[in-house]
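Participant: One structure, as structure tokens, below. Some questions next.
Every number in this text was worked out from the coordinates using simple rules, so none of it is lab data. Model, not experiment: these values are computed from the prediction. Cβ: placed from backbone, ideal geometry, glycine included. Neighbour counts: every protein chain shown.
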Amino acid sequence: MGKPKSPRRVADNEALSVGTQIRGSAQKLNLVAGLIRGKRAEDAMNILAFSKKAMAVDARKVLASAIANAENNHNLDVDALVVAEASVGKSITMKRFHTRGRGKSTRILKPISRLRIVVREAAANGEEA
């Protein structure tokens with residue numbers, strides 16, 4: 001027997017990819033995600049490729065994975081893909097310490113974020129579905 005198959009978390013014309021261990025704060029990653037929300041997938045890849053933000057490299061990898069999932073797993077047209085959702089959340093925070101003068105120490109927080117990108121196949125006439 002076994003357990004039943006879990007339902008899809010996105011619609012039939014959508015594909016998703018999640019980056020769970022992106023090093024950096026969620027606030028900085030949200031600035032990068034805001035650049036690509038609502039854009040065509042091809043334009044979003046170009047924006048991230050030429051962005052000066054360091055986290056754009058990881059965001060581009062997650063977007064490329066979502067596009068590959070749409071093409072290979074869900075048989076969607078790559079040329080008609082639009083970034084429907086780019087949401088950012090906090091993951092774990094590594095706690096470290098830095099020794100200071102006179103026997104004291106300071107806490108250092110190293111945040112890790114997660115990025116969820118959903119790409120949607122737009123309608124044939126150029127409007128979003």
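Participant: Could you work out which residue, out of Lys110, Lys95, Lys61, moves most in a Gaussian network model of the chain, that is, has the largest mean-square fluctuation with Cα springs under 10 Å?
Facilitator: Among Lys110, Lys95, Lys61, the largest mean-square fluctuation in the Gaussian network model of the chain belongs to Lys95.
Participant: Express in nm, to one decimal, how much length is gained between Thr99 and Lys3 on full extension, taking 0.36 nm for each residue of separation and deducting their alpha carbon distance. Present the calculation step by step, with values, prior to reporting the outcome.
Facilitator: On the way: separation 96, 0.36 × 96 = 34.56 nm, distance 5.17 nm.
Answer, rounded to one decimal: 29.4 nm.
Participant: From the backbone phi of the range 5-15, what are the Karplus-calculated ³J(HN,Hα) couplings (6.51 cos²θ - 1.76 cosθ + 1.60, θ = phi - 60°) in whole Hz, Gly and Pro given as x?
Facilitator: With coefficients 6.51, -1.76 and 1.60, one gets 5, 6, x, 5, 8, 10, 6, 5, 9, 10, 9 Hz.
Participant: Given a cut-off of under 8 Å on Cα pairs at least six residues apart, what relative contact order in percent is computed for the range 14-121?
Facilitator: Working: 219 pairs, mean separation 45.4, N = 108.
Reported relative contact order: 42 percent.
Participant: Compute the length gained on full extension between Asp77 and Asn46: take 0.36 nm times their separation in residues and subtract their Cα-Cα distance, giving the result in nm to one decimal. Please list the in-between numbers first.
Facilitator: Numbers: separation 31, 0.36 × 31 = 11.16 nm, distance 1.84 nm.
Full extension of this stretch gives 9.3 nm more.
Participant: Step through the residues of the range 92-107 one at a time and calculate ³J(HN,Hα) from phi using the Karplus curve (6.51 cos²θ - 1.76 cosθ + 1.60, θ = phi - 60°), rounding each to whole Hz and writing x for Gly and Pro.
Facilitator: In residue order, the calculated couplings are 7, 10, 7, 9, 10, 9, 10, 6, 10, x, 6, x, 9, 9, 10, 7 Hz.
Participant: Could you list which residues have their amide H under 5 Å from that of Ala122, counting only those 5 or more apart in sequence or on another chain, with H placed in the peptide plane?
Facilitator: Leu81, Val82
Participant: Which whole-Hz ³J(HN,Hα) couplings does the range 18-30 yield from phi under the Karplus relation 6.51 cos²θ - 1.76 cosθ + 1.60, θ = phi - 60°, glycine and proline marked x?
Facilitator: 10, x, 8, 10, 9, 6, x, 6, 5, 5, 6, 5, 5
Participant: Charges on Cβ only, +1 for Lys and Arg, -1 for Asp and Glu, centred on the Cα centroid of the range 14-121; of Ala86, Ile67, His98, which one is farthest towards the dipole's positive end?
Facilitator: Ranked along the dipole, the leading option is His98.
Participant: Working from the pairwise distances between different alpha carbons, so that the mean of 1/r is found and then inverted, what is the chain's Kirkwood radius in Å?
Facilitator: The Cα-based Kirkwood calculation yields 16.2 Å.
Participant: Which of the peptides 63-69, 51-57, 117-123, 19-25 is most tightly packed, and how do the rest follow, going by the mean number of other Cβ atoms within 10 Å of each residue? Display every interim value, and only then the final one.
Facilitator: On the way: 63-69: 19.4, 51-57: 14.7, 117-123: 22.1, 19-25: 16.3.
Packing order, densest peptide first, comes out as 117-123, 63-69, 19-25, 51-57.
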